[in-house]
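Notes to accompany the following structure.
Any read-out appearing in this document is the output of simple, stated calculations on the displayed coordinates, not a laboratory observation. All figures in this text were calculated on a predicted structure; none of them were measured in a lab. Note that each Cβ is placed from the backbone with ideal geometry, even for glycine, and that neighbours are counted across all protein chains shown.
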Amino acid sequence: MIKIKNISAQETYNIRLTVLRNNVDLPYKFKEDEHESTFHLGAFHNNKLVGIASFIQNKTDVIKGEQFQLRGMATLPEVRGMGAGRMLVEEAKSVLKSKDITTLWCNARKEATGFYESLGFTIIGEEFEVEQVGLHYKMYYIVN
């Protein structure tokens, strides 16, 4: 069984480093990690942190209204397919709705677009490349 809890920025670093930045020379800490409005969620399986996601108040010019950006979402390989990622995003949607946030957006890796579409996200704009990481699409979800 997976449980979603609020976690600190520091608790995200190990999974960010091993899953998202494995063999990639990019920072795994975000400058917004400690901002007052930023929140981090963790997915726990058998009391072990197995998934993470950070939600940062950040705007993109292609969307109007109050916005948060999903950054640094990752799950450990051993729990993939168990719904941890879906549960992290669904919990964030509830939190953002309670804060009257209009839109949640992200820069989704090309191979993850189907996952985000299954959660109600829509692609906006053209494919773009993030150096050392690969092809991405900007995607958004209307919260309120």
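Given +1 on the Cβ of Lys and Arg, -1 on the Cβ of Asp and Glu, and no further charges, what dipole in debye does the range 2-142 carry about its Cα centre, rounded to the nearest 20?
About 380 debye.
Just subtract the alpha-carbon distance of residue 31 and residue 111 from 0.36 nm times their residue separation and send over the number in nm, one decimal.
26.2 nm
Report the extension gain between residue 97 and residue 47 in nm, rounded to one decimal, defined as 0.36 nm multiplied by the number of residues separating them, less their alpha carbon distance.
15.3 nm
Looking at the range 61-144, which GluC sites (Glu not before Pro) are in a loop (DSSP not H, G, I, E or B) and have at most 16 other Cβ atoms within 10 Å?
Working: sites: 66, 78, 90, 91, 111, 117, 126, 127, 129, 131; in loops: 66, 131.
The qualifying sites are 66, 131.
Among 63, 4, rank each residue by its count of other Cβ atoms within 10 Å, from fewest to most, as a rough exposure measure.
Lowest to highest Cβ neighbour count: 63, 4.
Between residue 129 and residue 82, how high is the FRET efficiency from 1/(1 + (r/R0)^6) when r is the Cβ-Cβ distance and R₀ = 35 Å? Nearest 0.05. Each step should come with its number before you reach the end.
Values: r = 30 Å, r/R0 = 0.87.
Efficiency at R0 = 35 Å is approximately 0.70.
Can you work out the Karplus-derived ³J(HN,Hα) for every residue in the range 47-60? Use 6.51 cos²θ - 1.76 cosθ + 1.60 with θ = phi - 60°, whole Hz, and x for glycine or proline.
Rounded to whole hertz, the list is 6, 10, 5, 10, x, 9, 7, 10, 10, 10, 5, 7, 9, 10.
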